[in-house]
Amino acid sequence: MDTVTAAAVVAASIAYVLTAWLAADFFSGVFHWLEDRYGVEDWPVIGPLVVSPNVMHHSQPTAFLEQGFLARNWTTILPAVVASVLAWLSGWDWLALALAFTGAGNEVHAWAHQKSSRPIRGLQLLGILQSQEQHAAHHRQPFDRNYCVMTDWLNPLLTWTGFWPAVEDTVEALTGIAPRPEREAA
Ligand SMILES: [Zn+2]
Ligand SMILES: [Zn+2]
């Protein structure tokens with residue numbers, strides 16, 4: 001393999017992994033937005049396992065740091081692994097990688113709530129991992145942005161384009177289901 005070909009292979013590999021990481025960031029945003037805007041604590045199974053911890057996180061943002069790794073992450077990791085395996089068995093390797101990355105979403109989110117090690121802080125500075133500053137804006141008024149919790153790269157674009165309000169308007173027009181007012185604003 002000559003140098004040019006080798007460089008092309010490396011560039012393509014980096015793009016493959018980076019786009020999968022960004023897709024995972026977007027998936028984390030979609031699930032987080034669904035929980036925040038439509039989740040109901042009384043729902044069976046999902047209510048106590050997913051919605052209630054999310055409500056808890058918004059009233060006490062650092063409480064989940066007290067939990068162990070598995071207690072904090074299993075409801076993210078388990079569905080991500082199942083979905084990833086299903087995608088891989090279907091031959092969708094890139095999607096399988098993105099879904100596997102999504103399993104790391106809540107731990108990356110936890111790093112944005114605490115003082116982390118130097119390598120993590122370096123990646124947060126680059127935005128490959130979400131910075132504390134960007135995630136802190138999710139926990140402040142007007143509580144309608146920065147649902148993606150894995151990088152610093154998608155949220156500004158989604159806020160600037162009005163993506164989430166547009167999807168909420170579309171959902172309401174099609175189904176009549178309105179998002180609830182943000183809990184913290186209520
Ligand atoms: Zn939230
Ligand atoms: Zn948070």
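Key figures
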read-out: Flag if residue 74 is modelled with pLDDT of 95 or more and open to solvent by 50 Å² or more (accessible area, probe 1.4 Å); value: yes
read-out: The stretch 140-152 residues that are at negative phi and of a type outside the set (A, V, I, L, M, F, W, C), paired with ones that are open to solvent by 70 Å² or more (accessible area, probe 1.4 Å) and within 14 Å of ligand 2 (Cβ to nearest atom) (beta carbon under 9 Å, 6 or more apart); value: 147/31; 152/133
read-out: Failed item in (1) open to solvent by 60 Å² or more (accessible area, probe 1.4 Å); (2) in contact (Cβ under 8 Å) with a residue 40 or more places away in the chain, with residue 2 passing the rest; value: (2)
read-out: Options 71, 80, 6; residue that is small (Gly, Ala, Ser), within 23 Å of residue 134 (Cβ to Cβ) and in a helix (DSSP H, G or I); value: 80
read-out: Flag if residue 35 is touching a helix residue (DSSP H, G or I) at 6+ places or on another chain (Cβ under 6 Å), open to solvent by 30 Å² or more (accessible area, probe 1.4 Å), without any contact (Cβ under 8 Å) to a residue 40 or more places away in the chain and part of a helix (DSSP H, G or I); value: yes
read-out: Residue among 94, 88 that is away from ligand 1 (no atom under 16 Å from the Cβ) and touching a residue at least 40 places away in the same chain (Cβ under 8 Å); value: 94
read-out: Unmet criterion (only one of (1) surrounded by 19 or more Cβ atoms within 10 Å (Cβ to Cβ); (2) free of Cβ contacts under 8 Å to residues at least 12 places away in the same chain; (3) not aliphatic (A, V, I, L, M)) for residue 66; value: (1)
read-out: Test result for residue 50, more than 16 Å from ligand 2 (Cβ to nearest atom), open to solvent by 30 Å² or more (accessible area, probe 1.4 Å) and either free of Cβ contacts under 8 Å to residues at least 24 places away in the same chain or not polar (S, T, N, Q) (or both); value: no
read-out: Among residues of the stretch 15-44, those that are within 16 Å of ligand 1 (Cβ to nearest atom), hydrophobic (A, V, I, L, M, F, W, C) and in contact with a Leu (Cβ under 9 Å, 6 or more places away or on another chain), counted; value: 2
read-out: Residues of the stretch 138-181 satisfying the condition of being of a type in the set (Lys, Arg) and either within 24 Å of residue 103 (Cα to Cα) or more than 14 Å from ligand 1 (Cβ to nearest atom) (or both); value: 145
read-out: Residue that is nearest to ligand 1 (Cβ to nearest atom), among those in the stretch 103-133 that are open to solvent by 20 Å² or more (accessible area, probe 1.4 Å) and not in a helix (DSSP H, G or I); value: 113
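Residues checked against (1) of a type in the set (Val, Ile, Thr); (2) within 19 Å of residue 104 (Cβ to Cβ); (3) more than 16 Å from ligand 2 (Cβ to nearest atom):
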position: 2; (1), (2), (3): no, no, yes
position: 7; (1), (2), (3): no, no, yes
position: 15; (1), (2), (3): no, no, yes
position: 18; (1), (2), (3): no, yes, yes
position: 23; (1), (2), (3): no, yes, yes
position: 27; (1), (2), (3): no, yes, yes
position: 31; (1), (2), (3): no, yes, no
position: 43; (1), (2), (3): no, no, yes
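The values are calculated or read from the model by the stated rules, or taken from the named source; none is laboratory data. Owing to the predicted nature of the structure, the values given are computational and were not obtained by experimental measurement. Counting neighbours? That spans all protein chains shown, and the Cβs are built from the backbone with ideal geometry, glycine included. Side chains are part of the model used for accessible areas, which takes the heavy atoms of the whole protein and leaves out ligands, DNA and RNA. Shrake-Rupley method; radii C 1.70, N 1.55, O 1.52, S 1.80 Å.
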